[in-house]
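What follows is one structure encoded as structure tokens, with my remarks underneath.
Readers should treat all values here as calculations from the given coordinates under stated rules, not as data from a laboratory. Note that the structure is a prediction, hence the values are computed from the model and not measured. Because the Cβ atoms are built from the backbone with ideal geometry, glycine has one as well, and the counts that use them run over all protein chains shown.
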Amino acid sequence: MKDTKKNPWIEICPGIKRQTMAHGRTMYQMIAHLDAGSRMPEHKHAQEQLVHILSGRMKLVVEGVPHELTTGDSFYLASNVPHGVETLETTRVLDTFSPPRDEYLAKDRDAGASS
């Protein structure tokens, strides 16, 4: 088992940072910390994504449609679906991707993460 405490926190955009929790050949999991009022611009990626709210409240905007999510809620995002985030209060999210986010793993390695 890997000691995730050695993985760095990496800023994704202002007010939003992530830490890799686990990954394998076909999956990647991270924790995201989102400051109240932070925003992630609309984007899309080839990976499928499961969003699970550990604490807090945010608005996930999927193809222009807002979905307010709060502690305990989960949301599935299909591959290449445009989405963004508006954080309504400080929020912690568990995100799982398949296949892995290789660009995130590369940034972890560059920042000196444990392997």
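Given 0.36 nm per residue, what is the gain on full extension from Asp110 to Ala78 after removing their alpha carbon distance, in nm? If you can, show how the numbers build up before the last one.
Details: separation 32, 0.36 × 32 = 11.52 nm, distance 2.86 nm.
Roughly 8.7 nm would be gained on extension.
Below 12 angstrom from the Cβ of Glu48, what's the summed charge of the other residues (Lys, Arg +1; Asp, Glu -1)? Intermediate values should be presented prior to the final figure.
Working: positive: Lys44, Arg101; negative: Asp95.
For residues surrounding Glu48, the net value is +1.
Report ³J(HN,Hα) in whole Hz for each residue of the range 75-88, in order, from the Karplus equation J = 6.51 cos²θ - 1.76 cosθ + 1.60 where θ = phi - 60°; Gly and Pro get x.
Each residue's phi maps through the Karplus curve to give 8, 9, 10, 6, 4, 6, 8, x, 7, x, 9, 10, 8, 8 Hz.
Need the full-extension length gain, Thr70 to Gln19, defined as separation in residues times 0.36 nm minus the C-alpha distance. One decimal, nm. Walk me through the numbers on the way to the answer.
Values: separation 51, 0.36 × 51 = 18.36 nm, distance 2.04 nm.
Extra length available between Thr70 and Gln19 comes to 16.3 nm.
[x] 41, 30, 24; [y] 38, 29, 23; [z] 38, 26, 24: which one is Cα extents along the principal axes in Å as calculated from this entry?
So the structure-derived entry is [z].
So what is the relative contact order for the range 23-115, in percent, with contacts set as C-alpha pairs under 8 Å and at least six apart? Before the final figure, lay out each step's value.
Details: 210 pairs, mean separation 38.8, N = 93.
Reported relative contact order: 42 percent.
Go ahead and run the numbers for FRET between His45 and Leu88, Cβ-Cβ distance against an R0 of 30 Å, rounding to 0.05. Mind showing how you got there, number by number?
Working: r = 23 Å, r/R0 = 0.78.
Once rounded, the FRET efficiency stands at 0.80.
With θ set to phi - 60° and the Karplus curve 6.51 cos²θ - 1.76 cosθ + 1.60, what are the ³J(HN,Hα) couplings of the range 47-59 in order, to the nearest whole Hz, using x for Gly and Pro?
Result, ordered by residue: 6, 6, 9, 10, 9, 10, 7, 7, 6, x, 7, 8, 10 Hz.
Among His52, His43, His23, which comes first, second and so on when ranked by fewest other beta-carbon atoms within 10 Å? Mind showing how you got there, number by number?
On the way: His52 16, His43 11, His23 20.
Listing His52, His43, His23 from fewest to most nearby Cβ atoms yields His43, His52, His23.
In what order do Asp95, Asp73 fall by count of nearby beta-carbon atoms within 10 Å, going from fewest to most? Intermediate results must be reported in sequence, preceding the final value.
Details: Asp95 19, Asp73 14.
Least to most surrounded, the residues fall as Asp73, Asp95.
With Cβ to Cβ distances under 13 Å as the rule, what net charge do the other residues near Val65 carry (K, R +1; D, E -1)? List each step's numbers first, then the result.
On the way: positive: Lys59; negative: Glu42, Glu63, Glu68, Glu86.
With Lys, Arg at +1 and Asp, Glu at -1, the neighbours total -3.
Taking springs between alpha-carbon atoms closer than 10 angstrom, which of Leu94, Leu34, Leu105 fluctuates most in the Gaussian network model of the chain?
Most flexible of the set in this elastic network: Leu105.
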